[in-house]
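Please read the structure below before turning to the comments.
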C-alpha cells in the first residue's frame, strides 16, 4: 500500500493509521464511557421524559398503539470492553420491527436482565395484558417472573428447533414440530404430536416437558398473534452490527440516528395511506377475500354462520370474532371464513380487524420525533445586543 506521497506502507503501519483515523472520528473506547453521562444528559434535554437508554417520548409512547407483545434478546459487543447489548422490541400494525429499549451491560446474567426489565417496567403499565417472547435463557425467565409477574411468557420456536437438532438429531422431523408449534387448532396440534410420538417417543416427551404453553401457539395462554420467534429483536441486532465495535457513546448515537430515520420514514408512509389499515393488512385481506368468494355461507342466526369451503367447513361467530379454524381468534384479523360470513351479513370487514392494525394506530406509533442531543439543537446566538456584538 502507498500513501499520498508515494511511500510504501506495510500492513501494520496501514492498520495503525486506520485505527488512528477511526479514533479521530469516533473517539476512543475510554472516551466513550467518559463522555456517556454528558451524552445521556444532552439526550434527556432534547427528548424530555427519556429514561436511561429508553426513549420514553418516542418508542415507549408508541408502544401504546401496538399489540402488547415484547420480544427481548441479547447480543455481544466487540469493542475494547466488549459487554452485551440487551434489546426489547415489538411489531407495528404493518408487521415492521418497532424498537423499544436498549441497554449496555457487562454480561447476560440474573442481575443485568432484572435491571433491564426494571427500567422497562417503569414505562409499561400493568393495567393491560402483556406477553414477553425470548429464548430459553434462565435469567430472562427469572427476571420476567420477578419484574413482570402479570405477563405471559413465550419462547422462540427457532431456539427450540436448535435444541431438537442437537439433542435428538431430529432435523428430518422439524416439519412436524413446526406444524405442532404453529397449529391454530387443538385438533391439528394433537395430530402432529401423535405423529411425532409414533416416530420418536423421546422427542414427544421432551416437547411436552418443555411446556407446550410456552412454544405452542394453540396452547399459549395469552395473545402473541403472529409472533412465534425472537427474530424481531435479532433483526435489530443485525441492523446494529456495523456499530457493535464502536465506543459506547458513538454506538448509542448510531442507534438514535437509525431510530430517527425509521420513525420519520414510517410516519410519512402511514400518513400517505389511503386505506383504513396498513399495507400489510390490506394485502392480507385481499388474498383472503379471494378465497372467501369461493365459499358458501349458511346463516345460523344474526351473528353465527356455517361457512363451507377451503380446508374445512367452519362455524363463524362475528359477534365474538371467532372461527373454528382458529386464525381469526389468534391473529385478530378476519380469516377467509369470517370475511365470507361478513359479506353475507353486509358487515364491513374493516370493523372486524383489531384496531392495532389501523392506519391511525400505525401513524400514532411513530408520531413522536426522536431528537438529536441538545447541543445539536441549540441555535447560534444572533442577537445584535449581545455583549460580543456591543461596540
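The values are calculated or read from the model by the stated rules, or taken from the named source; none is laboratory data. Since we're looking at a predicted model, the values are computed, not measured. Virtual Cβ from ideal backbone geometry, glycine too; neighbours counted across all protein chains shown.
Counting only residues that are crowded, with 16+ Cβ neighbours inside 10 Å and more than 16 Å from residue 92 (Cβ to Cβ), how many does segment 224-247 have?
Residues in segment 224-247 being crowded, with 16+ Cβ neighbours inside 10 Å and more than 16 Å from residue 92 (Cβ to Cβ): 11 in total.
Going by the conditions given, is residue 271 touching a strand residue (DSSP E or B) at 6+ places or on another chain (Cβ under 8 Å), within 30 Å of residue 367 (Cβ to Cβ) and in contact (Cβ under 8 Å) with a residue 60 or more places away in the chain?
no
Would you check if residue 141 is out of contact with any helix residue (DSSP H, G or I) (no Cβ under 8 Å at 6 or more places or on another chain), over 20 Å from residue 241 (Cα atoms) and assigned to a helix (DSSP H, G or I)?
Taking the combined requirement at face value, the residue satisfies it.
With respect to residue 119, determine if the residue is out of contact with any helix residue (DSSP H, G or I) (no Cβ under 6 Å at 6 or more places or on another chain), assigned to a helix (DSSP H, G or I), modelled with pLDDT under 95 and more than 23 Å from residue 213 (Cβ to Cβ).
Yes; evaluated as a whole, the condition is true for this residue.
Assess whether residue 102 counts as being assigned by TED's automatic domain parsing to the domain that holds residue 62, within 24 Å of residue 251 (Cβ to Cβ), modelled with pLDDT of 95 or more and touching a helix residue (DSSP H, G or I) at 6+ places or on another chain (Cβ under 7 Å).
no
Can you name the residue in segment 211-238 that is part of a helix (DSSP H, G or I) and free of Cβ contacts under 8 Å to residues at least 40 places away in the same chain and is also farthest from residue 332 (Cα to Cα) among such residues?
Among them, the one singled out is 238.
Among the numbered conditions (1) assigned by TED's automatic domain parsing to the domain that holds residue 128; (2) surrounded by fewer than 18 Cβ atoms within 10 Å (Cβ to Cβ), tell me where residue 212 comes up short.
Only one criterion is unmet by residue 212, namely (1).
Which count do you get for residues in segment 186-211 that are touching a helix residue (DSSP H, G or I) at 6+ places or on another chain (Cβ under 9 Å) and under 27 Å from residue 313 (Cα atoms)?
Final tally of qualifying residues: 9.
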